[in-house]
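First the structure, which I've put down as structure tokens, then a few questions once you've had a look.
The values are calculated or read from the model by the stated rules, or taken from the named source; none is laboratory data. What you see is a predicted model, and the numbers here were worked out from it, not measured in a lab. Heads up, the Cβs are rebuilt from the backbone with ideal geometry, glycines too, and the neighbour counts pull from every protein chain shown. SASA here: full protein model, heavy atoms, side chains in, ligands and nucleic acids out. Shrake-Rupley method; radii C 1.70, N 1.55, O 1.52, S 1.80 Å.
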Amino acid sequence: MKSEELVIGLVSISDRASTGVYEDKGIPALQEWLASALTTPWRAETRLIADDQPSIENTLIELVDRSNCHLILTTGGTGPALRDVTPEATLAVADKEMPGFSEEMRRISLNFVPTAILSRQVAVIRKQALIINLPGQPKSIRETLEGVRNSAGECTHLGIFAAVPYCIDLIGGPYAETNEAVIKAFRPKSAIRPR
């Protein structure tokens, strides 16, 4: 059976990167990680936008409603600064909130920095898409998605992406499989398709 292509929106939210003051590192970091983690066909819809609520809301709506993304990963704009409005914009376009992702992202990041507690990342569902606000730094993006590894390279705290493919199944998206050396997608036995 041919698997449907997974469409992933990658949104980097930064005033300075969107105006060319510095190079965006969020989208390349996400593309590199997804290329190593996913073993099923996927393609990215990328957007580099300013940190203002109308732009973020319009971008998320467009990626879900018109580009038919199954998953949207945002990076940037989740701190306590006045310009950080990514969570507000994400919640404004949501049908359902998925607080487990937010709680776990902060718990993972607290293994590395005490300021992770200042992060206001949220995860939501809009129609057939899962939208997750990720941290801004490439290293933090990888840790959040993949998990915490010890000096031997063994995963000691699983990243949030382990639950993403099954969530996409539940909201009607394509069946996505992962490279288990990077992150093992978890599904109940009844939901696992034979290879």
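Within region 15-24, can you find the residues that are hydroxyl-bearing (Ser, Thr, Tyr) and open to solvent by less than 20 Å² (accessible area, probe 1.4 Å)?
none
Let me ask something else about it. Right, ALA163: surrounded by 22 or more Cβ atoms within 10 Å (Cβ to Cβ) and of a type in the set (A, V, I, L, M, F, W, C) or not?
no
Results for (1) buried (at least 22 other Cβ atoms within 10 Å of the Cβ); (2) over 20 Å from GLN137 (Cβ atoms); (3) among the hydrophobic types (A, V, I, L, M, F, W, C); (4) more than 16 Å from the chain's Cα centre (by Cα), shown as yes or no for each residue.
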site: ILE8; (1), (2), (3), (4): yes, no, yes, no
site: GLY26; (1), (2), (3), (4): yes, no, no, no
site: GLN31; (1), (2), (3), (4): no, no, no, no
site: ARG43; (1), (2), (3), (4): no, yes, no, no
site: SER55; (1), (2), (3), (4): no, yes, no, yes
site: LEU60; (1), (2), (3), (4): yes, yes, yes, no
site: ARG66; (1), (2), (3), (4): no, yes, no, yes
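Tell me, which helices (runs of 4 or more DSSP H) lie completely within region 10-126 with 2 or more residues that are among the β-branched types (Val, Ile, Thr) and either closer than 21 Å to ALA162 by Cα or in contact with a strand residue (DSSP E or B) (Cβ under 6 Å, 6 or more places away or on another chain) (or both)?
53-65, 86-92
For region 68-82, which positions are at negative phi and either free of Cβ contacts under 8 Å to residues at least 40 places away in the same chain or surrounded by 14 or more Cβ atoms within 10 Å (Cβ to Cβ) (or both)?
Scanning region 68-82 gives CYS69, HIS70, LEU71, ILE72, LEU73, THR74, THR75, THR78, GLY79, ALA81, LEU82.
Of the residues that sit in region 92-105 and are out of contact with any Leu (no Cβ under 8 Å at 6 or more places or on another chain) and exposed (fewer than 15 other Cβ atoms within 10 Å of the Cβ), which one is nearest to SER55 (Cα to Cα)?
ASP95
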